[in-house]
1. Below 8 Å between Cα atoms, with a sequence gap of 6+, how large is the relative contact order for the range 36-84 in percent?
2. Can you check what the net charge comes to around Arg137, using other residues whose Cβ is under 13 Å from the Cβ of Arg137 (Lys, Arg +1; Asp, Glu -1)?
3. Mind listing which trypsin sites (Lys or Arg not before Pro) in the range 168-207 are in a DSSP loop and have 13 or fewer other Cβ atoms within 10 Å?
4. Using amide H atoms built 1.01 Å from N in the peptide plane, name the residues 5+ places from Leu48, or on other chains, whose amide H lies under 5 Å from its own.
5. What Rg and what Dmax come out for the chain when only alpha-carbon atoms are used, in angstroms?
6. On alpha carbon coordinates alone, what is the Rg over Rh value for the range 47-113, Rh being the Kirkwood radius?
7. For the range 108-152, place one equal point scatterer on every Cα, skip the solvent, and apply the Debye formula. What is log10 of I(q)/I(0) at q = 0.17, 0.19, 0.29, 0.32 Å⁻¹?
8. On the principal axes of its Cα set, how long, how wide and how thick is the range 112-218? Give whole Å, largest value first.
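Every number in this text was worked out from the coordinates using simple rules, so none of it is lab data. Quick caveat, the model's predicted, so the values are computed rather than measured. Ideal geometry is used to build each Cβ from the backbone, glycine not excepted, and the neighbour counts take in all protein chains shown.
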Amino acid sequence: MAHLRCDFYSDALALSTSMTVLLPQPTTTQIGLTGQAGSEPPPVLYLLHGLSDDDTTWLRRTSVERYVSELGWAVVMPQVHRSFYADEHTGGAFWTFVSEELPALVDRFFRVSTARADTFVAGLSMGGYGAFKLALRQPHRFAAAASLSGVLDLGALVRSGDLPPSPDHRMLTRILGPQRVLAPEDDLLELVRRADPAALPALHLSCGTEDVLLEGNRTFTAACAAAGVPVTTAYPPGEHEWGLWDAGLVDVLTFFDQVRRGAADPEVAA
């Protein structure tokens, strides 16, 4: 595969930013890795990072390049800082960037498919929240979405203030405003309640049984069940850590590939 670090200017953010991109490449002489690529523009996975990460972290801490090389997919990993994929109250317009500007730039810069059936989104922790937010607010864009240990009940986190230790004490105020009120369009539980189940992409959720975010994931699963929204769930043993996410990424890619081939049979949330 080709690995690109793309530095570019964002009008939505009014600053220079970056994304890490993997592009499929057919190969015949690599040892230990099979490169696949067809003649048509490849499917694309938008892979979103977590709160303390950046656009390079998936590549550094998982074997994502090895996993997708056999599928022949492109992977786009954008940089969004500690934004919760939101148009911040007193910061950057990160939702506008990731939901509107980024896909337009990817289409301009790279030869990838723009078909819904070929477009997927996944993320971990804060990125899991971002992935489901994109899927629920823009269901016409994605065939499937996945969350690994996602912050799926952000409202509860905001109310409790139970955030990871950080010097960024003003993060929630910067994102949500001085009253720290989560708008309905940023609340995944509210988005699920409003959703048309038939219009949504296939959803995949996983979270470790010892993860600090487990309760929020179960709350989201219950909301899906109440709204009649199908979601495939997995609760393996594990904490909020990269070993679990690397293994979970394999399951996510398998699920996405099945969806694309029309073979997925998502379980209804229970």
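1. Working: 60 pairs, mean separation 26.9, N = 49.
Relative contact order here is 55 percent.
2. Result for the neighbourhood of Arg137: -4.
3. Counting only loop positions with at most 13 other Cβ atoms within 10 Å, the trypsin sites (Lys or Arg not before Pro) in the range 168-207 are Arg170, Arg180.
4. Amide H neighbours of Leu48, under 5 Å, 5+ apart: Ala122, Gly123, Leu124.
5. Final numbers for Rg and Dmax: 17.6, 59 Å.
6. A ratio of 1.01.
7. -0.47, -0.56, -0.91, -0.99
8. 41, 31, 29
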